[in-house]
Amino acid sequence: MIWQEAINNAGLLFAEKGISDAQINSEYLALHVLGIWNKSELQKHINEPLTNEQEINFDEFVNRRLMHEPLQHIIGETEFFGLRLFTSTAALIPRPDTEILVEEVLKAVDGRSSMGDCRILDIGTGSGIIALALASKLPQALITGIDISADAIALANKNKERLKTENVSFELADIFDDDIAKRFPSSLDLLVSNPPYISIEEFETLDREVRDFDPRIALTDDGDGLRFYRRIAELAPKLLKPEGKIFVEIGYNAINHVEKIFFDAGLQVVGKVKDLQGIERVMIAKENPIP
Ligand code: GLN
């Protein structure tokens with residue numbers, strides 16, 4: 001069998017199972033078996049027959065995808081903000097919407113005259129994508145990514161090594177710990193986070209590819225989906241320098257709730273940014289100046 005045929009057959013099987021982008025999924029699995037990344041290179045192999053080993057590997061990956069395992073977990077890597085990064089079940093698969101958060105932080109930092117002392121904390125860093133994307137664009141900033149999961153921190157460090165990023169460190173930490181504020185007392189310029197914001201009720205309604213393969217603790221707080229915003233609002237005045245800012249990703253329909261939490265904590269919302277579907281996805285806040 002030649003690659004063209006193998007790809008078409010798998011594409012049809014995916015389509016029958018209702019897997020969206022069936023043909024593209026099939027092509028990506030072929031790229032993975034061939035050990036190439038670029039789709040244009042696939043054309044060179046399209047009329048070549050599969051070796052026995054390639055056929056066994058391709059069949060295994062196709063079967064995993066037919067069981068709804070996400071493509072990124074099978075391939076083990078993905079692209080975020082133009083960076084190639086490892087993925088695993090230790091952390092969320094990066095979502096394109098999260099690039100908006102990174103872009104907003106970059107816009108905010110752009111106007112600063114001195115970048116040398118810009119310190120950023122990424123809460124719930126997961127595979128480290130936000131911290132690493134920021135670090136790649138802000139070589140003079142010092143970025144710390146924290147996460148409660150040791151597996152996530154190991155994955156983030158693997159990504160840091162892969163990208164050879166110097167100005168990021170990843171640390172195991174629980175933001176609900178009482179002494180967390182002592183680790184970064186009033187020293188941060190920016191707090192950024194894509195926290196678990198799915199409520200427990202909504203979690204049950206998630207697509208199985210998300211619910212069964214992304215880590216539960218990265219998705220839901222097992223409560224109303226707002227627990228992390230309450231904690232971030234509480235910590236912000238202790239962690240941030242007076243002119244510091246907060247950038248958070250928020251869930252569908254959560255904008256008013258998060259705004260109220262920030263307002264009640266004495267913070268001022270200074271920006272809301274919509275995602276590609278027109279849903280308010282990123283909120284920017286800062287401390288209210290003392291009158
Ligand atoms: N945006 C993700 C999803 O819809 C959830 C990410 C999160 O909880 N931070 O699956």
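Any read-out appearing in this document is the output of simple, stated calculations on the displayed coordinates, not a laboratory observation. Note that this is a predicted model, so its numbers are computed, not measured. Positions of Cβ are backbone-derived with ideal geometry, glycine not excepted, and every protein chain shown enters the neighbour counts.
Quick one: angle between helix 98-110 and the longest Cα principal axis of the chain, in degrees between 0 and 90, rounded to 10, please.
40 degrees
Apply the Karplus curve 6.51 cos²θ - 1.76 cosθ + 1.60, θ = phi - 60°, to the phi angles in the stretch 57-70 and return the couplings in whole Hz, x for Gly and Pro.
Rounded to whole hertz, the list is 5, 4, 4, 4, 5, 4, 5, 4, 5, 5, 8, 6, 5, x.
Positive end of the dipole of the stretch 54-177, charges at C-beta (+1 Lys, Arg; -1 Asp, Glu), about the Cα centre: which of H68, L172, I100 has its Cα farthest in that direction?
Of the listed residues, the answer is I100.
Can you compute the helix-only [θ] at 222 nm over the chain? Use -39500 (n - 2.57) per DSSP H run of at least 4 residues, normalise by all residues, nearest 500 deg cm²/dmol.
It lands at -13000 deg cm²/dmol.
Residues of the stretch 143-176 with amide nitrogen under 20 Å from the 7 Å Cα-to-Cβ point of E41?
162-164
Rounding to the nearest 20 debye, state how big the charge dipole of the stretch 55-209 is about its Cα centre with +1 on each Lys and Arg Cβ and -1 on each Asp and Glu Cβ.
660 debye
When only Cα pairs under 8 Å and 6 or more residues apart are kept, what is the percent relative contact order across the chain?
13 percent
Please determine, in degrees from 0 to 90 and to the nearest 10, the orientation of helix 255-264 with respect to the longest principal axis defined by the Cα atoms of the chain, where the helix direction is its Cα long axis.
30 degrees
What is the extension gain from E234 to D212, computed as 0.36 nm multiplied by their sequence separation minus the C-alpha to C-alpha distance, in nm to one decimal?
Details: separation 22, 0.36 × 22 = 7.92 nm, distance 3.19 nm.
Residue separation times 0.36 nm, minus the Cα-Cα distance, leaves 4.7 nm.
Could you work out the relative contact order of the stretch 3-147, using alpha carbon pairs under 8 angstrom and six or more residues apart, expressed as a whole percent?
16 percent.
Among rounded, prolate and oblate, which fits the chain when a ≥ b ≥ c are the square roots of the eigenvalues of its C-alpha gyration tensor, a/c under 1.5 means rounded, and a/b larger than b/c means prolate?
prolate
Going by a ≥ b ≥ c, the root eigenvalues of the Cα gyration tensor, does the stretch 82-204 fall in the rounded group (a/c under 1.5), the prolate group (a/b larger than b/c) or the oblate group?
The shape class here is rounded.
Give me the percent relative contact order of the stretch 138-291, please, defined on Cα pairs under 8 angstrom at least 6 residues apart.
20 percent
Quick check for me: using +1 on Lys/Arg Cβ and -1 on Asp/Glu Cβ, what's the dipole size of the chain about its Cα centre, in debye to the nearest 20?
Here the size comes out at about 960 debye.
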